[in-house]
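Have a look at the structure below before the remarks.
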Amino acid sequence: MTTINQFNFKNFRALIRVDFNVPLNDQLEITDDTRIRAALPTIQKVLKDGGAAIIMTHFGRPKSNLQSVKLGAEDKYSTRHLIDHLGKLLDRPIQFADDCGSEASYKLAKNLKAGEVLLLENTRFYEEETKGDEEFAQMLATLGEVYVNDAFGSAHRAHSSTTQVAKYFATDKKMFGYLMEAEVVNAEKVLHQAEKPFTAIVGGAKVSDKILILENLLNIANDIIIGGGMAYTFFKAQGGQIGKSLVEDDKLDLAKSLLMKAKEKGVQIHLPVDSVAADNFSNDANIKTTNSDNIEDGWMGLDIGPNAIDAFSRVILESKTILWNGPMGVFEMTNFSKGTETIAKKVAEATSNGAFSLIGGGDSVAAINQFHLNDQVSFISTGGGAMLEYFEGKKLPGIEAIKDASDEIPHGSR
Ligand code: AMP
């Protein structure tokens, strides 16, 4: 498998799939450019080598097709709004094509010179994109001579620009970008080469979102810490009183069977022995600490309690590999953020003691950022859904399309 560092892009036009799905405000200004910045090393490598970059991305979830967009529909989803900012970041003018692979972009792409950048219109203005249409993919492929996929956040989607397009490039002319490569290398390290003890910390609101990841973690982790709203389904399944805490009554059997499977496999499941309970879902609610399996009627557990924090901290500090997905409580409210904050600090401490830590999922990443610990963990994944599916043990189509059957995952080339 070709790695981006091995490849010299001189005189090549590289078709680069990025994830520039950034948020805009009412004035159509970018409010958080993290995703754009994350793909810069890949684009800069192409330009520095003396190649040209053709950049394509999806942008929001438009309902209109390209024709109605040209007539003025859903302008807010046009990638035109990214031109100025991208130009500043790359320090050069950005050419723009108001289509993807048909006339305008084809002409502009063919005439690109070394060091030039062309941004395509939103791939999702073509309904073919999300259907994984082959013809559309082929049309996109005519634009470049090399295909680089740096859109990890979209790697779980078998869309034309993330997956099918790769078929039209020879094995030595398709590769991961730096961001995608780092995601794959770090995920593989946790999934297949984890130094033991390996602790997975899983939290968040719903068990139903985390069933598949929990099932897979039972095969690879030594310890699984369960926190957040999802923990109460496990307590109720074992006969506990959970007041009006979050619960999924249709998942009680499943929670029981997960606990049983863990026992069979020798995996330690750690549930929060105590909780910070509130009489209301509000930061101003009355609060008390209580055992998690004995929460009074009318009260709900919104954070893990002090004994749970101590117990979880001990497990984390003994770990050599840590995977964290999902907060321990309603960390957005200050009165219920202590559990998540302390666990984040312990993950950072374990990392400074030599453990490898990978954080993924929108809310755990938000928590790590909120507590300013983002540079004290080993790796923060940029892909929410993609990260979750990867750790569920699924093969992601965007990754498979680049690899061929005999491929080893690269060990990181940056
Ligand atoms: P998820 O998207 O499943 O990772 O869930 C994240 C959300 O779960 C966050 O917005 C948290 O506020 C919420 N959450 C965490 N713990 C609890 C809890 N004990 N009760 C209600 N919501 C919670």
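The residues of the stretch 262-292 that are within 14 Å of the ligand (Cβ to nearest atom) and not in a strand (DSSP E or B), listed by number, are Leu271, Pro272, Asp279, Asn280, Phe281, Ser282, Asn283, Ala285, Ser292. Lys338 meets each of the listed conditions (1) open to solvent by 70 Å² or more (accessible area, probe 1.4 Å); (2) more than 16 Å from the ligand (Cβ to nearest atom) apart from (2). Just for the stretch 313-335: of the residues that are part of a helix (DSSP H, G or I) and within 14 Å of the ligand (Cβ to nearest atom), which one is most open to solvent (accessible area, probe 1.4 Å)? Per the stated criteria, the residue is Thr334. Of the residues making up the stretch 156-171, those that are open to solvent by 30 Å² or more (accessible area, probe 1.4 Å) and under 16 Å from Arg13 (Cβ atoms) are Tyr168, Ala170.
Hey, among the residues in the stretch 121-131 that are assigned to a helix (DSSP H, G or I) and open to solvent by less than 10 Å² (accessible area, probe 1.4 Å), which one's nearest to Ile399 (Cα to Cα)? Out of the qualifying residues, it is Glu129.
In the stretch 239-256, the count of residues that are of a type in the set (S, T, N, Q), in contact (Cβ under 8 Å) with a residue 24 or more places away in the chain and away from the ligand (no atom under 16 Å from the Cβ) is zero. Here the condition is being touching a residue at least 12 places away in the same chain (Cβ under 8 Å), acidic (Asp, Glu) and more than 10 Å from the ligand (Cβ to nearest atom); of Asp310, Asp297, it holds for Asp297 alone. Of all residues in the stretch 317-344, none that is without any contact (Cβ under 8 Å) to a residue 24 or more places away in the chain has its Cβ atom under 7 Å from the Cβ atom of a residue that is more than 12 Å from the ligand (Cβ to nearest atom), 6 or more apart or on another chain.
Is at least one residue of the stretch 179-193 over 24 Å from Ala367 (Cβ atoms) and within 16 Å of the ligand (Cβ to nearest atom)? So far as the stretch 179-193 goes, no, none of its residues is over 24 Å from Ala367 (Cβ atoms) and within 16 Å of the ligand (Cβ to nearest atom). Taking the stretch 342-367 as the range and being within 13 Å of the ligand (Cβ to nearest atom) and on the phi < 0 side of the Ramachandran plot as the test, the residues that pass are Ile343, Ile359, Gly360, Gly362, Asp363, Ser364, Val365, Ala366, Ala367. Within the span defined as the stretch 392-409, one or more residues are in contact with a helix residue (DSSP H, G or I) (Cβ under 7 Å, 6 or more places away or on another chain), part of a helix (DSSP H, G or I) and more than 16 Å from the ligand (Cβ to nearest atom). Residues that are within 14 Å of the ligand (Cβ to nearest atom) and touching a residue at least 60 places away in the same chain (Cβ under 8 Å) within the stretch 368-382 comprise just one, Ser381.
The values are calculated or read from the model by the stated rules, or taken from the named source; none is laboratory data. Values in this document were obtained by computation on a predicted structure and should not be read as measured data. With ideal geometry, Cβ positions are generated from the backbone for all residues, glycine too; neighbour counts draw on all protein chains shown. What goes into the accessible areas is simple: the full protein's heavy atoms, side chains included, and nothing from ligands, DNA or RNA. Shrake-Rupley method; radii C 1.70, N 1.55, O 1.52, S 1.80 Å.
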